1. Consider L19 against the criteria (1) in contact with an Asp or Glu (Cβ under 9 Å, 6 or more places away or on another chain); (2) more than 22 Å from P75 (Cβ to Cβ); (3) open to solvent by 30 Å² or more (accessible area, probe 1.4 Å): it satisfies all of them except one. Which criterion is unmet?
2. Identify, by number, the condition in (1) of a type outside the set (K, R); (2) open to solvent by 70 Å² or more (accessible area, probe 1.4 Å); (3) part of a loop (DSSP other than H, G, I, E, B) that N241 doesn't meet.
3. Taking the condition of being over 15 Å from the mean Cα position of the chain (by Cα), charged (D, E, K, R) and assigned to a strand (DSSP E or B), how many residues in the range 178-211 meet it?
4. Go through the range 130-150 and count every residue that is touching a strand residue (DSSP E or B) at 6+ places or on another chain (Cβ under 7 Å) and surrounded by 21 or more Cβ atoms within 10 Å (Cβ to Cβ).
5. Have a look at I30, I60, I91, I44 and point out the one that is under 23 Å from K205 (Cα atoms) and surrounded by 18 or more Cβ atoms within 10 Å (Cβ to Cβ).
6. Suppose we keep only residues that are modelled with pLDDT under 95 and of a type in the set (S, T, N, Q) within the range 103-127. Which one would you say is least open to solvent (accessible area, probe 1.4 Å)?
7. Within the range 47-60, how many residues turn out to be under 20 Å from S12 (Cα atoms) and over 22 Å from the mean Cα position of the chain (by Cα)?
8. May I ask you to say which residue of S38, S12 is of a type in the set (S, T, N, Q) and part of a helix (DSSP H, G or I)?
Amino acid sequence: MNIFAFGFGQVSKYFIKKLAKEKNNFELNISSRKDSHSGLFEGIKFNSYQFDVKKIDNRIFEAILKADYILISIPPIDGQDIVIKNFKEAIKKTKTKWITYLSATSVYGNHNGEWVDENSETKPTSPNGVDRLKVEKEWMQLASKLDLPFQIFRLSGIYSNQFNILKRLKSGEAKIINKKNHFFSRIHVEDIADILLSSLNNFKKKEIYNISDNLPASAEEVAMYGVKLLGIDKPKTIEINEIESEMLKNFYKDSKKVDNKKMKEFFNRKLKYPTYVEGLNYIFNKTI
């Protein structure tokens with residue numbers, strides 16, 4: 001088995017950790033903005049090839065041609081997918097069995113707190129959502145043209161043992177934003193890795209899946225559960241017009257509940273953390 005990961009952030013790392021536990025004999029190649037190097041990750045040898053908008057290690061082309069499975073977690077840069085831009089010809093020549101593009105539920109935009117599924121209208125409001133949707137369409141067109149074994153995972157808000165509301169509450173970074181009926185969905189990174197692992201052997205071409213937990217909730221509800229777990233005072237509440245971060249402003253423009261039925265039915269997996277309650281309880285008991 002030969003895996004190529006474009007980008008090696010927390011989702012890719014959790015995925016490889018899971019795979020290493022199940023299968024100790026596979027070749028791992030990744031791209032990184034750092035200088036090319038080799039190393040060990042979870043006992044697996046890997047080669048990392050430098051790739052960013054300014055520099056490409058040409059050995060990366062050979063590594064892509066050998067890949068059985070290709071995971072793409074690099075977000076759009078200046079509205080462009082730099083993987084398609086630089087490696088379309090190489091991907092044409094691969095004999096890969098599986099290409100997965102990690103997108104985001106920001107492509108749906110604002111649905112005023114209503115449920116969205118994979119057939120819902122995509123009307124992104126944020127620059128990130130607009131770029132993600134554009135790149136999704138480019139990948140789907142390429143997949144259709146070349147008949148690639150390609151799927152899209154639209155990820156909800158990712159949290160993990162390292163990055164979560166409990167840490168932000170403890171550090172004093174978390175704020176409560178005063179916005180009624182604001183819903184969003186989230187997913188623990190370990191559940192994303194589980195679904196990726198399932199999809200290696202359970203795969204259908206040109207499908208899109210929402211990767212989300214079972215309980216959409218407001219940011220305030222999740223924060224207040226964290227407050228209760230930590231036994232601390234409620235953080236400061238601020239008004240929408242007081243938000244300084246552009247990213248946070250965009251986040252509060254959209255309100256939707258993400259439906260995950262297609263994911264659960266197709267991959268036939270129960271989530272380890274079906275709601276934020278189980279996820280935060282685990283993080284609190286294990287890491288706090």
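1. Going through the list (1) in contact with an Asp or Glu (Cβ under 9 Å, 6 or more places away or on another chain); (2) more than 22 Å from P75 (Cβ to Cβ); (3) open to solvent by 30 Å² or more (accessible area, probe 1.4 Å), L19 breaks only (3).
2. Tallying (1) of a type outside the set (K, R); (2) open to solvent by 70 Å² or more (accessible area, probe 1.4 Å); (3) part of a loop (DSSP other than H, G, I, E, B), N241 fails exactly one: (3).
3. 1
4. 3
5. Only one candidate passes the filter, namely I91.
6. That would be S126.
7. Quick first cut of the range 47-60, residues under 20 Å from S12 (Cα atoms) only: 47-52, 60.
Filter once more, keeping what is over 22 Å from the mean Cα position of the chain (by Cα): 47, 60.
Residues meeting the conditions: 2.
8. S12
The values are calculated or read from the model by the stated rules, or taken from the named source; none is laboratory data. What you are looking at is a predicted structure, and each value in this text was computed from that prediction instead of being measured. We place every Cβ from the backbone using ideal geometry, glycine too, and count neighbours over all the protein chains shown. Remember, those area values only see protein heavy atoms, side chains included, never the ligands or the DNA or RNA. Shrake-Rupley method; radii C 1.70, N 1.55, O 1.52, S 1.80 Å.
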